[in-house]
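First the structure, in the form of structure tokens, and then the observations on it.
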Amino acid sequence: GAPVWRHRDATRFWESNAGAGPRGTPTLSNGRVYTFGATGILNALDAGDGAVVWSCNPASDTGTKVPTWGFSSSPLVVDDIVIIAASGTLAAYDLATGKPRWVGPHHGGSYSSPQLVTIDGVAQILLLNAPGATSAAPADGAQLWEHSWDGGAIVQPALTADGDVLINAIGGTGGLGIRRLAVAHGPGGWTVQERWTSNGLKPYFNDFVVHKGHAFG
């Protein structure tokens, strides 16, 4: 049948491998739909009629060029902000007005989405990117910790039942492997320790899941 409503932006992204955007999954929260397009436009739309509540351009705000395969991050709503990954740079916007709230440190390229997790009782935003993995504070985007692993990022990180972090890295022709990190917060700040790295599972385009002590992908 006919759509209930439709929204289009006066822009278009194209590359021969996968065609036009958008690439990120829309996020539905409290009667609004938040979309982040392949060229870097963030929209807040009324879920009922598709009306534009506000619109902004995180690509311009963060000085980030459109990556080769387009911006592919899905928006993340946390409290009164929506957070997107402009490639490897996190940026947050006020839910009510769309005004910028903060921009996090600039990192290498990424096609992953920001992910809210709680580690050692501290809520934080994880993002896989070209340097490996970074964590930011939701309140102001300040970096809490990072772990370097050369490669790129497409899929999402995962947590083990006891709070460790599983990340992956990709190379030019596929996945490189998967790595388990022990992340902890102590008097001296955050510590990140590599527990193991395996090439037995090489997530590439598809996310992996953790279930009953095993990672499947």
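In table form, for the structure just shown:
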read-out: Qualifying residue in the stretch 128-146 (condition: part of a loop (DSSP other than H, G, I, E, B) and of a type in the set (Phe, Trp, Tyr)); value: no
read-out: Hits in the stretch 177-217 (condition: of a type in the set (D, E, K, R) and assigned to a loop (DSSP other than H, G, I, E, B)); value: 202, 207, 212
read-out: Candidates 37, 1, 50 - the one that is surrounded by fewer than 20 Cβ atoms within 10 Å (Cβ to Cβ) and free of Cβ contacts under 8 Å to residues at least 40 places away in the same chain; value: 1
read-out: Some residue of the stretch 56-71 being over 21 Å from residue 103 (Cβ atoms), of a type in the set (Val, Ile, Thr), open to solvent by 60 Å² or more (accessible area, probe 1.4 Å) and out of contact with any Ser or Thr (no Cβ under 9 Å at 6 or more places or on another chain); value: yes
read-out: Which listed residue, of 126, 159, is touching a residue at least 24 places away in the same chain (Cβ under 8 Å), of a type in the set (A, V, I, L, M, F, W, C) and open to solvent by 50 Å² or more (accessible area, probe 1.4 Å); value: 159
read-out: Some residue of the stretch 193-205 being touching a Ser or Thr at 6+ places or on another chain (Cβ under 6 Å), over 23 Å from residue 79 (Cβ atoms), open to solvent by 20 Å² or more (accessible area, probe 1.4 Å) and modelled with pLDDT under 95; value: no
read-out: Selected residue (only one of 140, 164 is open to solvent by less than 30 Å² (accessible area, probe 1.4 Å) and either more than 16 Å from residue 75 (Cα to Cα) or touching a Leu at 6+ places or on another chain (Cβ under 7 Å) (or both)); value: 164
read-out: Restricting the stretch 1-32 to residues that are among the basic types (Lys, Arg) and assigned to a loop (DSSP other than H, G, I, E, B), the residue that is nearest to residue 83 (Cα to Cα); value: 23
read-out: Cross-chain or 6+ apart pairs with Cβ under 6 Å, the stretch 71-82 first and farther than 12 Å from residue 44 by Cα, then open to solvent by 30 Å² or more (accessible area, probe 1.4 Å) and basic (Lys, Arg); value: 72/23
read-out: Boolean, residue 174 is surrounded by 14 or more Cβ atoms within 10 Å (Cβ to Cβ) and at positive phi; value: no
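The values are calculated or read from the model by the stated rules, or taken from the named source; none is laboratory data. All of these numbers come straight from a predicted model, not from anything done at the bench. Here the Cβ is made from the backbone with ideal geometry for all residues, glycine too, and neighbour counts use every protein chain on show. Side chains included, ligands, DNA and RNA excluded: accessible areas come from the protein's heavy atoms. Shrake-Rupley method; radii C 1.70, N 1.55, O 1.52, S 1.80 Å.
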